[in-house]
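Encoded as structure tokens, the structure appears first; notes follow it.
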Ligand SMILES: [Zn+2]
């Protein structure tokens, strides 16, 4: 699938990159990411109406070792970014729009997209019962 959902476990919600670097460092990181992406979404090539792209943190989970490792930053249009955090879209009332975008970008039906969403929430629920150690050493490079 081109556009995937990446739900951050509830236990890690407040330990993201932004909470581990200064505002200035974060600005450098995200602007660098936007520039590399040519200010276009790296998944669907789209741009947002207010601002073209947003910076998304890509995490890899080791469910045995309980580590959550940052593997990179990616520039996404607001629509794709909303799909990545579809739980938040649900809370904000943007779920139908996010689901539609998820289906469109991946060339699947909304029913198939919904099934995929449910699978992601099951994994999220399991991960949210554990506490992961955050690893952002990639940013030292
Ligand atoms: Zn996009």
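Structure values in brief
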quantity	calculated
Matching entry among 64, 60 (being more than 16 Å from the ligand (Cβ to nearest atom), assigned to a strand (DSSP E or B), free of Cβ contacts under 8 Å to residues at least 60 places away in the same chain and closer than 19 Å to residue 135 by Cα)	60
Residue within segment 90-99 that is in contact with a helix residue (DSSP H, G or I) (Cβ under 9 Å, 6 or more places away or on another chain) and under 17 Å from residue 68 (Cβ atoms) present	no
Output for segment 93-137, where each listed residue is in a helix (DSSP H, G or I), under 17 Å from the mean Cα position of the chain (by Cα) and within 23 Å of residue 20 (Cα to Cα)	124, 127
Which listed residue is free of Cβ contacts under 8 Å to residues at least 12 places away in the same chain, within 15 Å of the chain's Cα centre (by Cα) and either surrounded by fewer than 19 Cβ atoms within 10 Å (Cβ to Cβ) or within 12 Å of the ligand (Cβ to nearest atom) (or both), from 31, 90	90
Only one of 55, 80, 41 that is within 14 Å of the chain's Cα centre (by Cα), within 11 Å of the ligand (Cβ to nearest atom) and outside any helix (DSSP H, G or I)	41
Residue in segment 8-27 that is in contact (Cβ under 8 Å) with a residue 60 or more places away in the chain, within 20 Å of residue 104 (Cα to Cα), surrounded by fewer than 19 Cβ atoms within 10 Å (Cβ to Cβ) and away from the ligand (no atom under 13 Å from the Cβ) present	no
Hey, residue 47 more than 17 Å from residue 7 (Cα to Cα), within 11 Å of the ligand (Cβ to nearest atom) and either surrounded by 12 or more Cβ atoms within 10 Å (Cβ to Cβ) or at pLDDT 95 or above (or both) or not	yes
Within segment 109-128, considering residues that are in contact with a helix residue (DSSP H, G or I) (Cβ under 8 Å, 6 or more places away or on another chain) and without any contact (Cβ under 8 Å) to a residue 60 or more places away in the chain, the one surrounded by the most Cβ atoms within 10 Å (Cβ to Cβ)	113
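The values are calculated or read from the model by the stated rules, or taken from the named source; none is laboratory data. Every value quoted in this text rests on a predicted model; they were computed, and no experiment measured them. Here Cβ is always computed from backbone atoms with ideal geometry, including for glycine, and neighbour counts include all displayed protein chains.
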